[in-house]
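Reviewing the structure listed below.
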Amino acid sequence: MGTAAAVPAVGNGRCGRWRDHRQVIDGLLHRVRTGVQWRDLPERSGPWKTVYERHRP
């Protein structure tokens, strides 16, 4: 299950920003489902440290 349906694409000229949020959400969901360590997230999720920092409160 991807997040394409959960996070709508916005046509405001900032596609990169929204794509990055979608990648981070995918990385978080992957980690929750599989239980992998932060450093073992797939490359398609972006840098693991970005996913980790956006997840922290």
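The values are calculated or read from the model by the stated rules, or taken from the named source; none is laboratory data. Being a predicted model, the structure only gives us computed values, none of them experimental. Using ideal geometry, Cβ is built from the backbone for each residue, glycine included, and neighbour counts are taken over all protein chains shown. Surface areas here come from the heavy atoms of the whole protein model, side chains and all, with no ligands, DNA or RNA. Shrake-Rupley method; radii C 1.70, N 1.55, O 1.52, S 1.80 Å.
Remarks
- Residue count for segment 35-47 under the criterion of being surrounded by fewer than 11 Cβ atoms within 10 Å (Cβ to Cβ), without any contact (Cβ under 8 Å) to a residue 12 or more places away in the chain and at negative phi: the result is 3.
- Looking only at residues of segment 13-25 that are open to solvent by 90 Å² or more (accessible area, probe 1.4 Å) and in a helix (DSSP H, G or I), we find that the one that is modelled with the highest pLDDT is Arg19.
The rows are residues; the columns are (1) open to solvent by 60 Å² or more (accessible area, probe 1.4 Å); (2) in a loop (DSSP other than H, G, I, E, B); (3) at pLDDT 90 or above.
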site: Ala5; (1), (2), (3): yes, yes, no
site: Gly11; (1), (2), (3): yes, yes, no
site: Gly27; (1), (2), (3): no, no, yes
site: Arg33; (1), (2), (3): yes, no, yes
site: Lys49; (1), (2), (3): yes, no, yes
